[in-house]
Structures are given as structure tokens and as C-alpha cells.
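The values are calculated or read from the model by the stated rules, or taken from the named source; none is laboratory data. A quick note: this is a predicted structure, and the numbers were derived from the prediction, not measured. Cβ placement follows ideal geometry from the backbone for every residue including glycine, while neighbour counts extend to all protein chains displayed. Heads up: the accessible areas ignore ligands, DNA and RNA and are worked out on the full protein's heavy atoms, side chains in. Shrake-Rupley method; radii C 1.70, N 1.55, O 1.52, S 1.80 Å.
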Amino acid sequence: KIVNLPKNCVVTIYNISGTLIRQYTKDDSRTYIDWDLKNHAGIPIAGGVYLIHVKSPGLGEKIIKWFGTLRPVDLNAF
């Protein structure tokens, strides 16, 4: 979940090498976006450092570094 967002903004997520992972356009009163930790093709991301770029017209831009780790898949849970 990406929180404390303005009403109108574009949230773009990149990996540390600058490759586009996912982009969201937000235009509602919620102050958050639910990111399912998948890229634009629906494939789960790898653990590591990501850059989250938030751009809002009239307010400016903000870049956030995020480090995420993912649990290994438990194949016995099926």
C-alpha cells in the first residue's frame, strides 16, 4: 500500500536500474494505492530496492526509495 497521496497524481515504480515496473494514475479521494507487488505483466517482483516516483500537477514531485523482501513460496500450503 502506498499512502499519503494527493487526490490527483501519477505513481510510477522503477527498479534500481531504471526499468519501469508499474504505473498508476490516481484521480479519486482515497489517499492510498494498493500495489499487489506485481509488475505490469502480473509477474511478482523480486526483493530489492525500488524507486517510487509520485507526480502531482500543481503540487510537484517526490521520489521515495523502498526496499522490499518477499517470503519464499510455501508449496506445502496448496
Step through the residues of the range 66-71 one at a time and calculate ³J(HN,Hα) from phi using the Karplus curve (6.51 cos²θ - 1.76 cosθ + 1.60, θ = phi - 60°), rounding each to whole Hz and writing x for Gly and Pro. 10, 10, x, 10, 10, 5
Add +1 for every Lys or Arg and -1 for every Asp or Glu among the other residues with Cβ under 15 Å from the Cβ of THR31, and state the total. +2
Carbon and sulfur %, accessible surface of the range 24-78 computed with the full protein complex present, 1.4 Å: 57 percent
Which cross-chain or sequence-distant (5 or more) residues have an amide H under 5 Å from the amide H of ASN39, H modelled 1.01 Å from N in plane? ILE45
Dipole magnitude of the range 4-64 about its Cα centre, charges +1 at Lys/Arg Cβ and -1 at Asp/Glu Cβ only, in debye to the nearest 20? 60 debye
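Skip the ligands, DNA and RNA, and give the accessible area per residue of the chain with a 1.4 Å probe, whole Å².
Value returned for the chain: 74 Å² of accessible area per residue.
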What percent of all Cα-Cα pairs in the range 11-78 falls in each 10 Å bin, counting up from 0? 17, 47, 26, 9, 2, 0
